[in-house]
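What follows is a single structure, written as C-alpha cells, with notes after it.
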Ligand SMILES: *Cc1c(COP(=O)(O)O)cnc(C)c1O
C-alpha cells in the first residue's frame, strides 16, 4: 500500500487556506498586464520594510541575488575576507567566491547552530572587511555580540536572513530588533518553502543607510538611476509583479504562521524530551526562533533513523550533509578555514523533521513515536 508521506512543508494546504485571496490577486495582476515593477512591487517593498523595521527595502529576484547585491554594494576589493559559517547553504559563500572575495569559514556553536562569536573574533585578520552571519534554521544569531565585534574592528555586517524572516533579537538596553534590520544590510529569500514564500523565486535586501540603499537599487537595475543612464555595472535582479502580488497576500499571515511553527516546535520538544540519544533545538535567551527547520541532533544512528522514518511515511532532510569547506566548488576558490571540529561532527548528526503552520499534533505524535521506538528497541 502506497502511503502518503508527511511532507517537510505542506504548501498545498497553505495555498488552499488563502486560495480565494491569492487567486484574486494573481488574476488582478494578470489583467493589469503590469508584469514588471508597478504597484504590487511598490506595495510589497513598503509593507515589508515596515514589518522588518528598516528605512529602505529593495525587492530582487532571489535570496542569492540579495547576497550578491549586498556584497557588490559594499565595494570590497579582490581578496578581502568575509567571515561566515561553513555550516550553511552554499549560496551564502558562493557569492563571495563569484565576487573574488575570500570566505573565512568559522565554527558554529553546536547548540544553536549559529556562528560562534568567540571563534569569529579569533578569525579576524587585517584583510577582514565584513561578517556574514546566517540566522540558521530560523534562529536569530547573537547579534548584540556580533555587532560589538564588528564595531570594534570596523567591519560591515550582512545578515543572511533567508531562513529567519520574522525572528528577532533583544539587546541588553531592552531594544528588540528583527533579523535583517540590525546589520549594515539584511538579505531575504522568498523561495516557496521559506517561512514567507512566493510561487517562484523572490528575494529582498534592506538597509538603514541612504547611500547604500541607492547603490543597491541601482545595482539591481543594470546600474542605472535614470533609464538608459548606466553609472555602474550592475545586474538584472527584480521581483516580478505576480510574485509581489502573492507576497502581498501572504505577508499579513506571516506572524501567525511563524507562531504556529513555534507551537509545533514546542510540541516536538515535549514529545521528544525523554529520548536520551537526541538533543532538541535550544534557543538563546535573547533571540527568537521561527523554526524554518526543526532540527534534532542524534548522538548515533541518524541515517538509520532517517531510513526508518521514510519507511513509515515521514519526510526528513539533512541540512546540510557536507560543510562548505569540504565542497568541491570551494576548493577552487581561495578560502581560509578556521577550526571546524563541531561543524565536522554535527553534519553527521543533524536531522530536520517536518514543520510548518499546518502540521497537526497527531502527526507529530506519530513521528515522535517512530523516533521513540527506534531508539528504545
Ligand atoms: C534559501 C537560502 C538562500 C538562497 O535563497 P534563494 O532564494 O534560493 O536564492 C541563501 N541563504 C540561505 C541560508 C538559504 O537558506
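Each reported figure results from applying straightforward, stated rules to the coordinates on display, with no laboratory input. Note that the coordinates shown come from a computational prediction; the quantities given were computed from them, not determined experimentally. Please note: Cβ atoms are built from the backbone with ideal geometry, for glycine as well, and neighbour counts cover all protein chains shown.
Overview of results
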{"quantity": "Anisotropy class of segment 5-134 from Cα gyration tensor, a/c 1.5 cut", "calculated": "prolate"}
{"quantity": "Segment 191-213-segment 261-292 distance, computed between alpha-carbon centres (Å)", "calculated": "27"}
{"quantity": "Segment 294-370-segment 25-46 distance, computed between alpha-carbon centres (Å)", "calculated": "38"}
{"quantity": "Helix-only mean residue ellipticity at 222 nm for the chain, each DSSP H run of n ≥ 4 adding -39500 (n - 2.57), per residue, nearest 500", "calculated": "-11500 deg cm²/dmol"}
{"quantity": "Semi-axis lengths (Å, descending) of the ellipsoid that matches the C-alpha gyration tensor of the chain", "calculated": "33, 28, 18"}
{"quantity": "Choice from 237, 123, 256 showing the highest fluctuation, given a GNM over the chain with Cα pairs closer than 10 Å", "calculated": "256"}
{"quantity": "The chain - percent relative contact order, Cα under 8 Å, separation 6 or more", "calculated": "23"}
{"quantity": "Ratio of the Cα radius of gyration of segment 120-225 to 2.2 N^0.38 Å, where N counts its residues", "calculated": "1.14"}
{"quantity": "Likely footprinting exposure, 337, 55, fewest C-beta neighbours within 10 Å first", "calculated": "55, 337"}
{"quantity": "Listed residues 148, 357, 168, most fluctuating in the chain (Gaussian network, C-alpha, under 10 Å)", "calculated": "148"}
{"quantity": "Cα-based convex hull volume of segment 174-225 per residue, rounded to whole Å³", "calculated": "83"}
{"quantity": "Sorted peptide list for 221-233, 7-19, 57-69, criterion being average Cβ within 10 angstrom, highest first", "calculated": "57-69, 7-19, 221-233"}
{"quantity": "Among 23, 156, 80: highest mean-square fluctuation, GNM of the chain, C-alpha pairs under 10 Å", "calculated": "23"}
